[in-house]
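S.K.: The following block contains the structure, expressed as structure tokens.
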Amino acid sequence: MKAKRTTLLLGELRESLAMALHAIAAHKLRSALTLLGVLIGVFSIIVVMTALRVMQNNIESSLSELGINSFMIRKHPMMSFGGVDWEKVARRKDITLAMGRKLAEQASQPQSIGIETMFWGGQVETRLGQSAPTVQVFGETPGSFPSRNWVIADGRAITEADVDSSRDVVVLGAALAETVFPLGSPLGEKVKLNGLNYTVVGVLASKGASRSDNQDNVAIVPLTTGLSRFGRWNRSLNILVQAKDRSSFESTMDEVRGAMRVIRKTPPGEPDDFEIISNDSLIAQFNQFTRVVRIGIAGVSSIALIAAGIGIMNIMLVSVTERTREIGIRRAVGAKKRNIMTQFILEAIMLCELGGMVGVVLGIIGGNATALFLRLPTVIPVDWAIIGLLICSVVGIIFGTYPAWKAANLDPIDSLRYE
Amino acid sequence: MSLIRLEKITRRYQMGGETIHALREVSLTIARGEYVAIMGPSGSGKSTLMNLIGCLDTPTSGSYHLNGADVSDMDDNELAEVRNREIGFVFQTFNLLARSNALHNVELPLIYAGIDTDERRRVALEAIESVGLTDRMHHKPNELSGGQRQRVAVARALVNKPSILLADEPTGNLDSRTGEEIMALFEQLSRSGNTIIVVTHEEDIARHARRILRIRDGLIASDEVQGRS
């Protein structure tokens, strides 16, 4: 009995599917126009979700340039999506070298504290070659290296002595060293950075291929050297702090925040007049921004899908009327109401799914066009593809039920006579 | 035991506030293997009678036993099952699925009976062969002549081995020669033991049957058994 039930269900399903495809194929233009609505709705969801994921992957990997258990203290927020009083931020005191030094003295918990600033892009020249003028130039103290995830591959890092006496030394990134010294070690060689002479004392290990390539295209000079050569006016420094381990991360952050407030004489009760940025907080901020986009696109898509659903319902009602006699025939040879209902709901779902599948494919292609355009790795959001198709089925069921119910409840006698 | 037993069947319709008595307390029994013609002018109630016998409709009052089961108070699902199992319809306008080929049309009742694919194919082929259309089974209805279409319909009606073959003006859309062919097919089916009920208003067609029921104004006007001519 159970076996027979299963055969019955399977046979019914197969028959209904075949009929649905038949019916859709019989009116190609009509079906195509109808499923266009679903296609657009699903496309808009998938294209945005794919594009967001492409950007999110990129942002997450570029944000993690901060080393493990590290955070940064800055005057300005790193990025913001509204809610920042920029005038207030602009009135904040600059973070100075002296503040950084004081913090390094006072804070006991951090593993290392570095002070840094970033200068405009520069060009490196040597007797052997020259780089493009896109080298990122950092001014650093020794404490920055762990927080920045910089590992010395050859030579040495910037030392306290370099900083104290503003020596003209430079540490080159792996890619940059490769470019300007294609043969042999650059250690001890002279380079011209924006026209001024430096001696190479170290080369960084490459950060690997998974990072975007400019992270190896860096030149690091002692902070003090950089400040005196590139100018200190209107320049606020950043402080990089690395906690000893994950478990002390929070308490280190609290200690540093408190110390910083004392150093900057922030009145009690006032909010911090500086920003503390960690990988986590940046990713959280990005996600908060994308959530707004997600909610927006969900709203727009649901309106599109409701419109599409009404279109489907309309065409299904037409289809039921056109096929009244077919329904009568099926009822006469023994189809139950349930069979007719299944047939028409499946037809509506098939219509939606066809539109949905094309929408998903186009959406993924469209979203990855962003990836191509921004030269980022492509992604295939499997979860959203599945969600998209599920939504299609739901639309099909919601808007196919009434026409199917109507079809199932036609009077067999009348429908057999229907002309 | 009789195959069909109608007792005091009444069927009323409401039409625009007016009550129409299509059938008034009709009682009737038909035994297995009979070949019956139901005749009557339009509006006499013969279509209503046919719909009731075919389980497409239920009576307002009275009882209907088909093959021992009381059909008159079955619900929609049970009626669909009875139609599927016990009744084979042949219509004036053939009523084939236009987009499906002959074979698939014949398979249709088996699908709703839940027969699996292989068995279904085999039984449908047998039925198509029995009406002599094996070479046309992959054609769609609009590629078949009227007579061929009606034979597909007969094959579909017989494919589930029903108790009754119920034909409503089966020759109404056919020329007289093809009509005779179909009636000859019915004759042959009757001889091989099928119960056949033909609804018609043509004397020529009714004469093929062994028993002629005449309906007038919702009542049975006459019920005569004729000898073989």
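The values are calculated or read from the model by the stated rules, or taken from the named source; none is laboratory data. Quantities reported herein were computed from a predicted structural model and do not represent experimental measurements. Every residue, glycine among them, receives a Cβ derived from its backbone with ideal geometry; neighbour counts consider all protein chains shown.
S.K.: Which of (1) touching a residue at least 12 places away in the same chain (Cβ under 8 Å); (2) in the same structural domain as A:E347 (by TED's automatic domain parsing) is the odd one out, the single condition A:I263 does not satisfy?
M.R.: (2)
S.K.: Return the residue satisfying two criteria in turn: it lies in the range B:50-82 and is touching a Leu at 6+ places or on another chain (Cβ under 7 Å) and within 11 Å of another protein chain (Cβ to nearest Cβ), and of such residues it is surrounded by the most Cβ atoms within 10 Å (Cβ to Cβ).
M.R.: B:C55
S.K.: Hey, another quick one. Please find, among A:L187, A:L204, A:L176, A:L193, the residue that is buried (at least 16 other Cβ atoms within 10 Å of the Cβ) and under 20 Å from A:R229 (Cα atoms). First the steps, then the outcome.
M.R.: On the way: A:L187 fails: under 20 Å from A:R229 (Cα atoms); A:L204 fails: under 20 Å from A:R229 (Cα atoms); A:L176 fails: under 20 Å from A:R229 (Cα atoms).
Answer to the selection: A:L193.
S.K.: Residue by residue through the range B:93-109, note down the ones that are part of a loop (DSSP other than H, G, I, E, B) and at the interface with chain A (Cβ under 10 Å from one of its Cβ atoms). Talk me through it step by step, then tell me what you get.
M.R.: Taking the range B:93-109 first, the residues part of a loop (DSSP other than H, G, I, E, B) are B:93-101.
Result: B:T93, B:F94, B:N95, B:L96, B:L97, B:A98, B:R99, B:S100.
S.K.: Do you know which residues across the range A:233-261 are surrounded by 15 or more Cβ atoms within 10 Å (Cβ to Cβ) and either touching a Cys at 6+ places or on another chain (Cβ under 6 Å) or of a type in the set (K, R) (or both)? Give the steps one after another, and end with the answer.
M.R.: Quick first cut of the range A:233-261, residues surrounded by 15 or more Cβ atoms within 10 Å (Cβ to Cβ) only: A:235-243, A:248-249, A:252-253, A:255-257, A:259-261.
Answer for the range A:233-261, where residues must be surrounded by 15 or more Cβ atoms within 10 Å (Cβ to Cβ) and either touching a Cys at 6+ places or on another chain (Cβ under 6 Å) or of a type in the set (K, R) (or both): A:R235, A:R257, A:R261.
S.K.: Something else now. Among the helices (runs of 4 or more DSSP H) confined wholly to the range A:316-419, which include 1 or more residues that are within 14 Å of chain B (Cβ to nearest Cβ), in contact with a Ser or Thr (Cβ under 7 Å, 6 or more places away or on another chain) and of a type in the set (S, T, Y)? Walk me through it before giving the result.
M.R.: Values: elements: A:324-332, A:337-373, A:382-408, A:412-417.
By residue number, A:324-332, A:337-373, A:412-417.
S.K.: Please determine, by comparing only the residues of the range B:114-137 that are more than 19 Å from the chain's Cα centre (by Cα) and within 22 Å of B:L174 (Cα to Cα), which one is farthest from the other protein chains (Cβ to nearest Cβ).
M.R.: To start, the set of residues in the range B:114-137 that are more than 19 Å from the chain's Cα centre (by Cα) comprises B:114-123, B:125-126, B:129, B:132-137.
Narrowing the set further to residues that are within 22 Å of B:L174 (Cα to Cα) leaves B:129, B:132-137.
On the way: B:E129: 20, B:G132: 21, B:L133: 18, B:T134: 21, B:D135: 24, B:R136: 20, B:M137: 17 Å.
My answer is B:D135.
S.K.: Here is a check on your reading of the model: is B:N101 out of contact with any strand residue (DSSP E or B) (no Cβ under 9 Å at 6 or more places or on another chain), modelled with pLDDT of 90 or more and surrounded by 16 or more Cβ atoms within 10 Å (Cβ to Cβ)? Full working, then the answer.
M.R.: On the way: out of contact with any strand residue (DSSP E or B) (no Cβ under 9 Å at 6 or more places or on another chain): yes; modelled with pLDDT of 90 or more: yes; surrounded by 16 or more Cβ atoms within 10 Å (Cβ to Cβ): yes.
When the stated conditions are applied, B:N101 passes them.
S.K.: Tell me whether the range A:358-376 contains one or more residues that are assigned by TED's automatic domain parsing to the domain that holds A:V42 and under 21 Å from A:H27 (Cβ atoms).
M.R.: Here is the first cut: in the range A:358-376, the residues assigned by TED's automatic domain parsing to the domain that holds A:V42 are A:358-376.
Now restrict to residues that are under 21 Å from A:H27 (Cβ atoms): A:358-359.
There is at least one residue in the range A:358-376 that is assigned by TED's automatic domain parsing to the domain that holds A:V42 and under 21 Å from A:H27 (Cβ atoms).
S.K.: I've got another one for you. I'd like to verify a number: residues in the range B:83-92 that are more than 9 Å from chain A (Cβ to nearest Cβ) and either under 12 Å from A:I329 (Cβ atoms) or crowded, with 19+ Cβ neighbours inside 10 Å (or both), how many? It would help to see each step written out before you state the result.
M.R.: Narrowing the range B:83-92 to residues more than 9 Å from chain A (Cβ to nearest Cβ): B:86, B:90, B:92.
If we keep only those that are either under 12 Å from A:I329 (Cβ atoms) or crowded, with 19+ Cβ neighbours inside 10 Å (or both) too, we end up with B:86, B:90.
Looking only at that region, the number is 2.
S.K.: Something else about it: For the range B:71-92, which residues satisfy the criterion of being in contact with a strand residue (DSSP E or B) (Cβ under 7 Å, 6 or more places away or on another chain), hydrophobic (A, V, I, L, M, F, W, C) and outside any helix (DSSP H, G or I)? Write out each step before concluding.
M.R.: Pass one, the range B:71-92, residues in contact with a strand residue (DSSP E or B) (Cβ under 7 Å, 6 or more places away or on another chain): B:71-72, B:82, B:86-92.
Checking the rest, the ones that are also hydrophobic (A, V, I, L, M, F, W, C) come to B:71, B:82, B:87, B:89-91.
If the condition is that a residue be in contact with a strand residue (DSSP E or B) (Cβ under 7 Å, 6 or more places away or on another chain), hydrophobic (A, V, I, L, M, F, W, C) and outside any helix (DSSP H, G or I), then B:V71, B:I87, B:F89, B:V90, B:F91 are the ones that fit.
Residue by residue, here is whether (1) surrounded by fewer than 20 Cβ atoms within 10 Å (Cβ to Cβ); (2) within 14 Å of chain A (Cβ to nearest Cβ); (3) closer than 19 Å to B:N84 by Cα holds:
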| site | (1), (2), (3) |
| --- | --- |
| B:V154 | no, yes, yes |
| B:L166 | no, yes, yes |
| B:P170 | no, no, no |
| B:L174 | no, no, no |
| B:R177 | yes, no, no |
| B:E180 | yes, no, no |
| B:F186 | no, no, no |
| B:R191 | yes, no, no |
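S.K.: Now for a different question. Can you name every residue in the range A:320-347 that is among the hydroxyl-bearing types (S, T, Y) and over 44 Å from the mean Cα position of the chain (by Cα)? Spell out the reasoning first.
M.R.: First, the residues of the range A:320-347 that are among the hydroxyl-bearing types (S, T, Y): A:321, A:324, A:342.
Answer for the range A:320-347, where residues must be among the hydroxyl-bearing types (S, T, Y) and over 44 Å from the mean Cα position of the chain (by Cα): A:T321, A:T324.
Residues checked against (1) at pLDDT 85 or above; (2) closer than 20 Å to A:R127 by Cβ; (3) of a type outside the set (S, T, Y); (4) assigned by TED's automatic domain parsing to the domain that holds A:R91:
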| position | (1), (2), (3), (4) |
| --- | --- |
| A:G188 | yes, yes, yes, yes |
| A:K207 | no, no, yes, yes |
| A:S210 | no, no, no, yes |
| A:A219 | yes, yes, yes, yes |
| A:S228 | yes, no, no, yes |
| A:W233 | no, no, yes, yes |
